[in-house]
Amino acid sequence: MDNKKFIKELMRYGTEKYGLLYDRWVIFGVRGIDFLKEILVNNDAINEYNDAIFLVKNPNNGVLEYKTYSATIDPGRYWLVNPMNPSGTARIVEGIYKYKLGMHRGHKALNQYAKVTVNRYAIHQGSEPWFRWKDETPAVTQTDFFAIDIHAKGSSSKFVEMASAGCTVINSTWTDTGWRDFYSTVEAALSLRQYICYCVLDQSSAISILNSEKIRTEKETFVMRQEVNSGQKKSFFFFLKNIFSFLR
């Protein structure tokens, strides 16, 4: 599925599940997908920038505007092995959240406007390695203000490691074009509003969206074929009727 079609399906999902409107910018965070020429599911491995952030706006059902950014919505391996919280390291739960302008370690970033829900993952017993999120089971789920920010990364490393202890991190340093474009867009959007909506989807939801669109397309194709066949049958019967009338 190409990016634009996927974004339209995301918008449909956001409206149907959360009542989202797109007369203003909305942030979508989708786990475990790549988005170069088309949307592809990846292995959703731990400690990689393998998630996607979409900024979406469609004012008054006019021209669709969207921007895409490589990111991680998950904590890095360093904090999974060295959790700051005794209950384990936070990973934001699929859902809808509100964010505002703020600071992260001396840099302009997005902070929680309201509470978020996180799953916490305890340290592995016996120093077992961390590979894929689908193989992990959370120890506890909590809802509160946890400083789960949205920000840039502090180094050019291709691995997440210390860059995220549960925050969403754009795969861009503070001075790179990616982060500056993302933040400036949100900053302008929040000049007249207190918060921006952030809709988080797990990879499983992304797969469901991809599959549902495929099924819907197949159904539409089937209906079109049925209509064509029906039209052809009607034309054929009309042709036969004319022949019989002529023979009489």
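None of the figures in this text is laboratory data; all of them are computed from the coordinates on show. This one's a predicted model, so the numbers in the text were calculated from it and none came from an experiment. Backbone-built Cβ (ideal geometry, glycine too); neighbour counts: all protein chains shown.
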Relative to the first principal axis of the alpha-carbon coordinates of the chain, what is the inclination of helix 3-18, with its axis defined by its Cα atoms, in degrees from 0 to 90 and to the nearest 10?
80 degrees
Two-decimal ratio, region 64-132, of alpha-carbon radius of gyration to 2.2 N^0.38 Å:
1.36
Report the dimensions of the chain along its three principal axes from the alpha-carbon atoms, largest first, rounded to Å.
93, 48, 31
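Strictly greater than 28 Å: what percent of every Cα pair in region 1-135 meets that? List each step's numbers first, then the result.
On the way: 2248 of 9045 pairs.
Counting pairs separated by more than 28 Å, the tail of P(r) holds 25 percent.
Peptides 45-51, 150-156: what's the order by average Cβ count within 10 Å, highest mean first?
The densest-packed peptide leads the list: 45-51, 150-156.
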Computed helical MRE - 222 nm, the chain, DSSP H runs ≥ 4 contributing -39500 (n - 2.57), nearest 500:
-11000 deg cm²/dmol
Where does helix 177-189 land angle-wise versus the long Cα axis of the chain, in degrees 0 to 90, nearest 10?
80 degrees
Which of the aspartates and glutamates could a cross-linker bridge to Lys108, judged by Cα under 14 Å and excluding same-chain residues fewer than eight apart?
Asp149, Asp176, Asp181, Glu187
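Using per-residue counts of other Cβ atoms within 10 Å, averaged over each peptide, order 128-134, 67-73 from highest down.
67-73, 128-134
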Amide H neighbours of Asn171 under 5 Å, counting only residues 5+ apart in sequence or on other chains, H built in-plane at 1.01 Å?
Ser70, Ala71, Thr72
Step through the table entries Lys5/Lys57; Lys37/Lys158; Lys37/Lys134; Lys57/Lys115; Lys17/Lys98; Lys17/Lys100, compare each Cα-Cα distance with 18 Å, and write down the pairs that go over it.
Lys37/Lys158; Lys37/Lys134; Lys57/Lys115; Lys17/Lys100
